[in-house]
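To start, the structure itself, in structure tokens.
The values are calculated or read from the model by the stated rules, or taken from the named source; none is laboratory data. Keep in mind that what you see is a predicted model, and the values were worked out from it rather than measured. Cβ coordinates were reconstructed from backbone atoms using ideal geometry, including for glycine residues, and neighbour counts include every protein chain displayed. Each accessible area value is taken on the protein alone, full model and side chains, heavy atoms only, with ligands, DNA and RNA left out. Shrake-Rupley method; radii C 1.70, N 1.55, O 1.52, S 1.80 Å.
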Amino acid sequence: MARLIASRLATGLITLFLAAFFVFFAVQALPGDVAEQLLGQNATPEAVETLRQQLGLDSNVWARFVEWLGNAVTGDFGESLVSGESVSATIWTAFSHTLLIAIPAMVVGVALSLLLGVWAAARRGTRTDSTVSVLALVAMSIPEFVVATILVLLLAILVPVFPAVVLAGPDATFAELVPAAVLPAVTLVISMAAYIIRAMRSSTIDGLTTEYATTAALKGVPRRSVLWRHVAPTALLPVLPVISINVAWLLGGVVVVESVFNYPGLGKLMIDSVSTRDLPVLQAIAVLSALVYVAANLVADLLALAVDPRQRTMHQPRARRRVKEATR
Amino acid sequence: MVPTIDRRQFLGGLLGGATALGLAACGAPALTLPERAATGTARAGATMRIARPAASAAETLDPASSLSAYEYLGALYNRVVKLDREGETVPDLATEWSSNADATTWDFALRPGVRFHDGRELTARDVRYTFQHILDPETASPQAGPLELVEEIEAVDTTTVRFRLGTPNAEFPSLLTAYQCYVIPEDSAGEIGRTGIGTGPFVLESYTPAGAGVVRANEDYFDGRATLDRIEFYSIQDTSARVNALLARQVDLLSQTNLDNPTARVVANSPGTTVARVENAQWYTIPMLYTSEEFADPVMRQAMKLAYDPRAVLSTALQGTGTPGWDNPVPPQLKAWLDEEREHDPEKAKALLKSIGREDFSTRIYTSAYEPNFTAIATAFASQVKEAGIRLQITNTAADSYYTQIWMAEPLMVSYWFTGRPIDQLLNQIFRSGSSYNESAWSNEEFDKLLDAARADTNDDSRLQKYQDAQRLIIEDSADLTPVFGDRLVGLSEEVVNYDEYGFEFDYLALGLKEG
């Protein structure tokens with residue numbers, strides 16, 4: 001068990017390292033550099049060259065990678081090339097803003113879609129089921145920026161309940177952000193829920209046809225208990241990876257949604273950093289996204305272990321041998 | 001590079017298309033918009049909210065910088081002189097000016113008793129300091145090039161500034177109207193980027209680069225107090241988010257935003273919001289790179305010009321909101337404008353192409369979402385020149401690297417400028433050989449000589465004649481196409497009164513919100 005967790009952690013670290021490696025070199029390959037972007041259209045080649053030297057952009061790329069990685073491990077991502085402020089501080093502010101929309105979206109979205117998935121499965125073939133399925137399919141097919149635009153049109157412009165955009169910028173206070181966080185969070189719930197609903201529905205349908213479900217029903221266990229006590233927890237297992245992917249997507253910076261709402265989170269910071277070629281900020285955001293991704297997958301794996309005792313033994317070599325012997 | 005469609009632009013097209021369909025179904029005509037914003041009495045004590053696209057997190061309130069937060073400048077500062085609608089130089093901080101006989105020494109008499117926001121009195125030393133700051137290579141100001149001819153600046157007495165020029169220039173005062181030339185207090189270069197201390201109609205209250213900021217009315221402004229009490233500036237990077245903020249009544253005015261036609265329809269037809277025009281504010285160009293193999297031949301360039309009708313580009317790409325350019329870069333509102341139409345003759349263009357063995361000429365024309373009308377103009381232009389047998393492949397590229405990767409690198413692209421440069425600056429900055437803004441890299445000795453002769457000519461009539469000859473030369477030989485001047489379509493609330501903008505001039509003094 002401990003060995004399993006350790007190996008998962010190691011895989012996670014290697015993934016992170018590879019992500020950092022590819023991010024660093026991909027960012028180097030972007031057309032144009034920060035010196036050109038900072039100086040504007042009419043910069044003389046000499047001025048660009050001088051700034052490049054000042055920023056250390058002319059030194060060896062491998063040496064810069066090693067130095068950057070060494071600092072990054074200690075949480076020091078350097079200073080923004082554009083604003084001159086600490087990258088870590090800038091990113092934490094933006095990340096906390098993103099969490100403000102991501103966590104409610106996550107909690108509400110996951111709970112709601114699991115319920116809807118089980119509900120639709122239990123009423124398989126009825127009008128409820130087809131309504132839920134069709135709605136999920138529709139939500140899946142509409143890109144999140146369309147969802148966002150429709151929400152703005154309905155709830156900010158026609159019926160002005162919520163603000164359409166965040167005006168205050170990165171210095172926005174919590175009180176200013178809360179009303180503005182509602183529409184982005186709802187957009188995320190709608191975009192995310194569809195996948196989980198569909199996964200949960202089909203998994204529950206599979207569960208309902210298993211022998212233990214039939215046995216429980218034959219034993220006289222009430223239908224509701226069969227569904228929620230016996231089938232649903234097991235059905236959750238194959239859905240966990242789907243949830244973890246969506247959570248990672250959500251936390252890793254919901255670029256488009258934040259851009260539409262001018263929401264000062266990680267995604268918007270990323271767009272701004274791309275357009276100004278602010279490499280340290282961009283690299284730090286990418287590494288943070290990778291970290292969230294790895295962590296979300298790790299948590300999903302560990303949760304699966306906790307929910308399903310079979311998985312714990314499955315990974316032990318001896319146990320596998322025993323299974324083989326048994327089948328022989 | 002692969003053509004891509006920006007997702008948001010695609011949506012804009014969808015929504016716009018839906019609106020356009022709806023209008024067509026009702027038999028609505030092409031886009032009709034009010035010519036001017038509403039005028040009238042404004043209410044006292046109002047606060048206006050303006051949304052703007054921030055240059056970057058490195059933006060500054062230093063007017064000399066290439067990254068200045070443009071919207072704040074006119075509110076906080078004054079220049080020595082400014083421009084009127086006809087492109088003529090008129091007083092701002094200077095009340096009058098004169099030169100010696102050969103236009104090499106210029107004296108400006110400053111308005112007495114003007115105070116900076118910190119209470120200090122404006123003197124000639126501040127003006128001298130301002131221009132020394134602009135000319136300082138460390139500042140890297142875009143206006144340093146045009147002002148290179150200044151050899152010495154002298155504070156003669158408290159209200160007289162003297163500029164000594166290396167070469168005669170009868171149009172020198174017009175060079176001081178650029179928006180980099182706002183006057184800052186002496187020795188303030190170190191902190192001016194944050195303090196914003198000027199002599200202007202508003203005083204800075206707060207400012208965050210790429211964030212929000214507030215200015216309040218300057219009670220002691222020399223030209224009378226502003227109508228508004230406060231202006232709040234908000235930075236919204238994404239164009240559709242900016243439009244949403246306006247439609248949701250979170251802001252009153254979108255600055256530096258040229259709405260595309262579909263969006264303008266939505267804004268004009270929504271309750272509470274409207275669209276105002278800034279006539280011929282956008283000067284669209286299609287530079288043909290002079291140094292490229294494709295366009296080095298003057299016959300080739302002539303054929304490109306003859307092949308298309310700018311009126312067709314105007315009516316299809318801009319739905320008529322603007323003026324056809326006829327390849328003359330001088331906007332019609334300037335007094336120096338040469339009112340002549342060059343010929344449009346696709347058959348002649350075809351014959352010219354044949355004479356140089358290029359009857360099957362084909363190349364790429366680059367465009368991007370950098371400005372909403374680029375692609376429409378590229379498409380309209382490409383379909384026009386097809387008549388002469390020229391095949392242009394429209395190539396859409398990323399907006400954020402458009403001006404670093406494509407501009408002055410690819411032989412044919414769509415580009416634009418804001419109009420509002422005085423005639424001398426326009427011709428010298430964008431068409432003179434070797435100028436850093438010369439986007440087609442065109443070089444013509446005769447043209448450069450003509451500009452020198454014009455600058456040295458102190459007779460207003462014959463100088464005007466020379467500037468018009470220069471325009472003729474651009475039409476005949478230059479590597480820049482000017483298909484259209486487009487009106488800027490500005491989204492604003494119906495509450496806004498006395499909004500007035502032309503060139504780089506913005507009237508912060510009269511701007512207000514409707515009474516009641």
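Summary table
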{"item": "Chain A - accessible surface per residue (Å², probe 1.4 Å)", "result": "51"}
{"item": "Burial of 50 Å² or greater, segment A:145-174 residues [accessible area, probe 1.4 Å, versus chain by itself]", "result": "A:F145, A:I157, A:V165, A:L167"}
{"item": "Relative contact order for segment A:44-198, counting Cα pairs under 8 Å that sit 6 or more residues apart, in percent", "result": "28"}
{"item": "Inter-label distance for B:E515 and B:E154, nm, one decimal - labels placed 7 Å from Cα along Cα-to-Cβ", "result": "5.3"}
{"item": "Dipole in debye (nearest 20) - segment A:156-296, about Cα centre, beta carbon charges: Lys, Arg +1; Asp, Glu -1", "result": "720"}
{"item": "A/B buried area, accessible surface, summed, 1.4 Å probe, Å²", "result": "2700"}
{"item": "Minimum 20 Å² accessible area buried by the other protein chains, segment B:48-70 residues, probe 1.4 Å, relative to alone", "result": "B:S56, B:A57, B:A58, B:S66, B:L67"}
{"item": "Percent RCO, i.e. relative contact order, over segment B:450-516, from Cα pairs under 8 Å lying at least 6 residues apart", "result": "20"}
{"item": "Pairwise FRET efficiency - B:R391 versus B:R472, Cβ, R0 = 35 Å, nearest 0.05", "result": "0.70"}
{"item": "Accessible-area composition of segment B:145-207, carbon plus sulfur, in percent [1.4 Å probe]", "result": "42"}
{"item": "D (Stokes-Einstein, µm²/s), Kirkwood Cα radius, chain A, 1.002 mPa s at 20 °C", "result": "94"}
{"item": "Pairs beyond 23 Å (Cα-Cα), from B:K348/B:K466; B:K82/B:K305; B:K305/B:K335; B:K335/B:K386; B:K348/B:K386; A:K268/B:K514", "result": "B:K348/B:K466; B:K82/B:K305; B:K305/B:K335; B:K335/B:K386; A:K268/B:K514"}
{"item": "Residues with amide H under 5 Å from that of B:N218, placed H, sequence gap 5 or more", "result": "B:F202, B:V203, B:A226"}
{"item": "Simple spin-label estimate for A:E176 and A:R224 in nanometres, 7 Å along Cα-Cβ", "result": "4.9"}
{"item": "Chain B, relative contact order in percent, only Cα pairs under 8 angstrom and at least six apart counted", "result": "22"}
{"item": "For B:142-149, mean number of other protein chain Cβ atoms within 10 Å", "result": "1"}
{"item": "Check: the protein assembly as shown dipole with +1 on Lys, Arg Cβ and -1 on Asp, Glu Cβ, in debye", "result": "6600"}
{"item": "At least 27 Å along the helix axis (C-alpha) and Kyte average at least 0.0, DSSP helices within chain A", "result": "A:2-28, A:87-122, A:174-208, A:279-307"}
{"item": "Accessible surface of segment A:89-311, 1.4 Å probe, proportion on carbon and sulfur as whole %", "result": "72"}
{"item": "Where GluC sites (Glu not before Pro) fall in DSSP loop in segment B:204-264, at most 13 other Cβ within 10 Å", "result": "B:E219"}
{"item": "Centroid-to-centroid separation of segment B:169-230 and segment B:102-134 [C-alpha atoms, Å]", "result": "14"}
{"item": "Amide H within-cut-off set for B:G320, under 5 Å, with H built and near neighbours excluded", "result": "B:S315"}
{"item": "Nearest-20 debye value, chain B charge dipole, Cβ charges on Lys, Arg, Asp, Glu", "result": "1600"}
{"item": "Restricting segment B:473-516 to GluC sites (Glu not before Pro) in coil, as DSSP defines it, with at most 15 other Cβ within 10 Å", "result": "B:E494, B:E515"}
{"item": "At least 50 Å² of accessible area lost relative to the chain alone, listed for segment B:242-269 with a 1.4 Å probe", "result": "B:N244, B:Q250"}
{"item": "Kyte-Doolittle mean at least -1.0 and Cα axial length at least 18 Å: DSSP H helices in chain B", "result": "B:7-25"}
{"item": "Candidates per trypsin sites (Lys or Arg not before Pro) in segment B:297-349, loop by DSSP, up to 14 other Cβ within 10 Å", "result": "B:K335"}
{"item": "Solvent-accessible area per residue, Å², over chain B with all protein chains present [probe radius 1.4 Å]", "result": "38"}
